[in-house]
């Protein structure tokens, strides 16, 4: 019998309970022992819940119960969740979490603390919901030097962009639809402004490149500036507009890491990742490109990743999983204004001006009256910005 | 220092050596020790090779060297490879392999033998080349009951089908191109007749459903019957034709497992898996659908999966990985003639006959003169075969 506690009985926490009950046979078999939830810690009352008798309000009961080997933190945020995680690890309990904000902000500290205490801090569910990604990177691709990782890491924004393409509705309308369908929160800022993606790409970059990437060092752009005109222009040129988190190991050993809308070629499989789904591409020096695809959020998918970590913790209760990295610093971050790629540009300038300023470009036909759009040669943002002084851009996005 | 031996110095074996040398820093770090190839066993001479001094012809040297903890079997086939694998495991050495034929035919025996000896038999590279799939199924999806797994598991046939779509060339021409480009062997039967896919889906089915599936029990159809007309008809109806290996956990606890060309909707991301790439979809009861995509073959991708297993074996030298399943038997195999789905049918019958025999169908317009094509309601192969007595089919494929 392996006893655990769940902290926070919201969507993910209750999903964890549901998966543990629904698939108990398989879970016991895979963990080689029964897993039992002994406590659920939540400040709210759950009168009438079938789990009412498990619910307690005082975390110190969990902290001081030596039978609890694994603490499942599904509180979210970096407040009380940080405190409870530290205290659990200090007591020699492994912690499993879906909390991307906490891992992105404090992952270095917490993985080191776990290492010092000989326990595990596991967070498969923090990126890509249920999509297996953390373990494949750390184990299956362990023989590769990873050169780059990028992905569609947020279902809300991908739903909005997909609706703009499929239904031809503008950003504001698509956002309303997302809220009506429960795919966006009442305050959607963390999603549409890119912060959610920022946290996830920070975690992925740390795993791939071995140093913590702090979110405040990451250039982060959301999707509010994407217009229906941009979507149409991109489509006619064979691209889809997708919000990507991206991290690249540069030749100078720095990490280029940022969040921004990109034009993705329809030849790239990730352009077919639609709606609330997520897709993540990893480029290794032996394997080439691999992609992982699935539901990036949702109660049961996320819970299934949490429970997989619980099973892993149960199997490795006396062994560290070596899931850790070195601390990060500002000097390891590449100036992305120097990162080169072709650019999509929408402008009110005419073709002659475009050719005079940008030289040979690929003009996209069929733009709306008074506008033009084109694809530049490969150049850095700094170079492009210089040219934009002579030819103001209505919008400009990187092409991948 | 962790010492290993490589058996067979062909494409994969030499790729393993290349990856170990190329990424030695990262591999040592991930394995927490240096990995050294002490022997390469091959019957051929490699005069002038930089590894000449490592090459031996006598496997018993490896067998009797207690310093060798892991044997890497990249010989292929189920002859000498089986003998050497058994003898290695019996001596308490873990074995890592890319040999799908051996795992598909003898996986039950060999995983049991490894279990009995307290060592590991690892075969991530046997399915999907470098794509992480074995470990994600057994670990990341450990909290899910898997309902179904299917995939594009053979790069040669996918290359041929892609060329038929993109270049409009017939099967024979596309096969010649594949051979000229090194994507098909001089004797391409194992690929184009589906046996290679059969072996891989047997391994995946065993992992997902816990019982060995012997290849001789699996209905296996290749791509030779796919015509350019079928490809065109499918395309106009919004489908691509893909060779899939597929295994489904049926309600009666039997496993439906087979290999056949399918019409895959363009809405399904796997339809975008083109050329020599592979893609595998796993459907879990908590996570929903997840897909894994990447190079399904090739020297370095396959070697990178082998080396990841070597790292894993080095980290778990005193711990079993629990990678095993029960034996299989014919009575666990579902009669796929009873498996229901919509069908694509090409025929020389006219529309009136089609409607008289099949009732309401979805007719595909634009077929070549004297032919018609349509999509049936959902029915089993047995039902469809009865109707084909009244309306002979020129071709018929399942729709997924």
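Overview of results
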| quantity | calculated |
| --- | --- |
| Mean-position separation - Cα centroids, the range B:363-400 and the range B:21-60, in angstrom | 55 Å |
| Prolate/oblate/rounded call for the protein assembly as shown, Cα gyration tensor, a/c under 1.5 rounded | rounded |
| Where labels lie 7 Å past Cα in the beta-carbon direction, separation of residue A:327 and residue B:338 in nm | 6.5 nm |
| Nearest-first distances (nm) between copies at residue A:330, label 7 Å from Cα via Cβ | 7.4 |
| Chain B: antiparallel DSSP beta bridges as a percent of all, rounded to 5 | 65 percent |
| Zone of residue A:58's modelled label, taken as backbone nitrogen in the range A:26-45 under 18 Å from a point 7 Å along Cα→Cβ | A:38-45 |
| Cα-based helix-to-principal-axis angle, B:11-22 vs chain B, degrees rounded to 10 | 60 degrees |
| The range A:212-286 versus the range A:145-200: alpha-carbon centroid distance in Å | 12 Å |
| Percent of C-alpha pairs per 10 Å bin, the range A:77-211, short to long | 11, 35, 30, 17, 5, 0 |
| Most fluctuating residue given options A:125, A:237, A:295, as computed from a GNM of chain A linking Cα atoms under 10 Å | A:237 |
| Inter-copy spacing of residue A:83 label points, which lie 7 Å from Cα along Cα→Cβ, given in nm from shortest upward | 6.9 |
| Computed label-point distance, nm, for sites residue A:147 and residue A:3 using a 7 Å Cα→Cβ extension | 5.2 nm |
| Fluctuation leader among A:205, A:81, A:303 - chain A, Gaussian network, Cα springs under 10 angstrom | A:81 |
| Cα shape, chain A, gyration tensor, a/c 1.5 rule | prolate |
| Cα shape, the range A:288-346, gyration tensor, a/c 1.5 rule | oblate |
| Of B:207, B:387, B:217, the one that fluctuates the most in a GNM where chain B has Cα springs shorter than 10 Å | B:387 |
| Simple spin-label estimate for residue B:217 and residue B:109 in nanometres, 7 Å along Cα-Cβ | 1.7 nm |
| Beta bridge orientation in the range A:134-295: antiparallel %, DSSP, nearest 5 | 95 percent |
| Sites residue A:385 and residue A:166 - FRET efficiency at Förster radius 45 Å, r taken between beta-carbons, to 0.05 | 0.85 |
| Percent of beta bridges antiparallel (DSSP, the protein assembly as shown, rounded to nearest 5) | 65 percent |
| C-alpha long axis of helix A:155-167 to longest principal axis of chain A, angle in ° | 40 degrees |
| Efficiency of FRET from Cβ geometry, residue B:350 and residue A:29, R₀ 56 Å, rounded to 0.05 | 0.50 |
| Mean residue ellipticity (222 nm) of chain A, computed from DSSP H runs ≥ 4 via -39,500 (n - 2.57), nearest 500 | -10500 deg cm²/dmol |
| Label distances, nm, residue B:32 versus same residue in remaining copies, Cβ-directed 7 Å point | 1.7 |
| Cβ-Cβ FRET estimate between residue A:228 and residue A:86, R0 fixed at 60 Å, reported to 0.05 | 0.80 |
| Nearest 10 degrees, 0 to 90: helix A:80-90 Cα axis against chain A principal axis | 50 degrees |
| A:355, B:389, B:166 arranged by Cβ crowding within 10 Å, fewest neighbours leading | B:389, B:166, A:355 |
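Values in this text are rule-based calculations from the coordinates and carry no lab data. Keep in mind the model is a prediction, meaning the values are calculated, not measured. Cβ sites come from the backbone with ideal geometry, for glycine too, and all protein chains shown count toward neighbours.
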